[in-house]
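The values are calculated or read from the model by the stated rules, or taken from the named source; none is laboratory data. It should be emphasised that the depicted structure is a prediction, and the values quoted were computed from it without experimental measurement. Here the Cβ positions follow ideal geometry from the backbone for every residue, glycine too, while neighbour counts run over all protein chains shown. Heads up: the accessible areas ignore ligands, DNA and RNA and are worked out on the full protein's heavy atoms, side chains in. Shrake-Rupley method; radii C 1.70, N 1.55, O 1.52, S 1.80 Å.
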Amino acid sequence: MTQNSPANRVPSHGTALYGTSHAIDFVPVNDQGRTAPFTFAALLRTEPASNFPGFGRPILAPVAGTIVAILDSEPDHDAFRGLPSVRYAVTQRQRASEGWTSLSGNHVMIETDGGPVVVLCHLQQGSITVARGQRVKQADALGRCGNSGNSTEPHLHLQVIDRLDAQSAQAVPFTIDGGLPRNGQIISVE
């Protein structure tokens, strides 16, 4: 399910910092189009990331290119919904002040032959299967969906930037099959 889509607003994540103005999030859902069942307990406390259908799901390269950066050591944390999500939101500024990796968590950066860098964030700790300098083709396995970095539930954050240095990068607008899904739209990956 698509969230924070630039088809709905730009900047899609409320900021242009770290080249995120055209980023998009994909939250894996089950066959009924839902994430983890919402219970009364979820209103009051965090939930294990493993309760969500996306946690551990394979993440494939959306483009061909060269792996120019990876981070695979950040821990996955519990998911935040209900009151825990409010407490988590209050600490957003602190995470942002800690820099790019505090927000991105485990990630893979693919430099395309044309120059832009495709960034995939919030991957599961220890799941990345590619190495820096490795060439990948579209649909090659990169790792698994996780809940690392600035993430309230397991999902894939995708963005395209104009340079490897995320601290100073500018967003590069992109399309997926000629368009972009809107928030709440469920897309199928075959």
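Of the residues making up region 53-97, those that are within 27 Å of E111 (Cβ to Cβ) and among the polar types (S, T, N, Q) are T66, S73.
Filtering region 144-161 to residues that are modelled with pLDDT of 95 or more and open to solvent by less than 10 Å² (accessible area, probe 1.4 Å) leaves C145, G146, N147, S148, P154, Q159, I161.
Annotation: T175 fulfils all but one of (1) touching a residue at least 12 places away in the same chain (Cβ under 8 Å); (2) open to solvent by 20 Å² or more (accessible area, probe 1.4 Å); the unmet one is (1). Pairs linking a residue in region 87-99 that is closer than 16 Å to R45 by Cα to a residue that is open to solvent by 50 Å² or more (accessible area, probe 1.4 Å), with Cβ atoms under 9 Å and 6 or more positions apart or on different chains, are Y88/T46; Y88/T152; A89/T152. Answer with yes or no whether S127 is touching a residue at least 60 places away in the same chain (Cβ under 8 Å), of a type in the set (S, T, Y) and over 25 Å from L180 (Cα atoms). For S127, the condition - touching a residue at least 60 places away in the same chain (Cβ under 8 Å), of a type in the set (S, T, Y) and over 25 Å from L180 (Cα atoms) - is met. Would a scan of region 72-87 turn up a residue that is modelled with pLDDT under 90, more than 18 Å from G146 (Cα to Cα), in a loop (DSSP other than H, G, I, E, B) and not charged (D, E, K, R)? Scanning region 72-87 turns up no residue that is modelled with pLDDT under 90, more than 18 Å from G146 (Cα to Cα), in a loop (DSSP other than H, G, I, E, B) and not charged (D, E, K, R). Out of the residues in region 97-112 that are part of a helix (DSSP H, G or I) and open to solvent by 10 Å² or more (accessible area, probe 1.4 Å), which is farthest from V68 (Cα to Cα)? Applying the filter and picking the extreme gives S97.
State whether one or more residues within region 63-81 are touching a residue at least 24 places away in the same chain (Cβ under 8 Å) and farther than 23 Å from G143 by Cα. Yes, because at least one residue in region 63-81 is touching a residue at least 24 places away in the same chain (Cβ under 8 Å) and farther than 23 Å from G143 by Cα.
Listed by position, the strands (runs of 3 or more DSSP E) inside region 114-167 whose residues that are more than 14 Å from T20 (Cβ to Cβ) and of a type outside the set (S, T, N, Q) number at least 2 are 141-144. A single member of D72, D113, D76 is out of contact with any Pro (no Cβ under 6 Å at 6 or more places or on another chain) and either among the small types (G, A, S) or closer than 19 Å to T46 by Cα (or both), and it is D76.
If you go through region 12-51 and keep only what is surrounded by fewer than 18 Cβ atoms within 10 Å (Cβ to Cβ) and either among the basic types (K, R) or under 15 Å from L158 (Cβ atoms) (or both), you end up with R34, R45.
For the criterion of being closer than 25 Å to G178 by Cβ, out of contact with any Leu (no Cβ under 7 Å at 6 or more places or on another chain), of a type in the set (S, T, Y) and modelled with pLDDT of 95 or more, S5 fails.
The single condition among (1) under 18 Å from H157 (Cβ atoms); (2) open to solvent by 60 Å² or more (accessible area, probe 1.4 Å) that A69 does not meet is (2).
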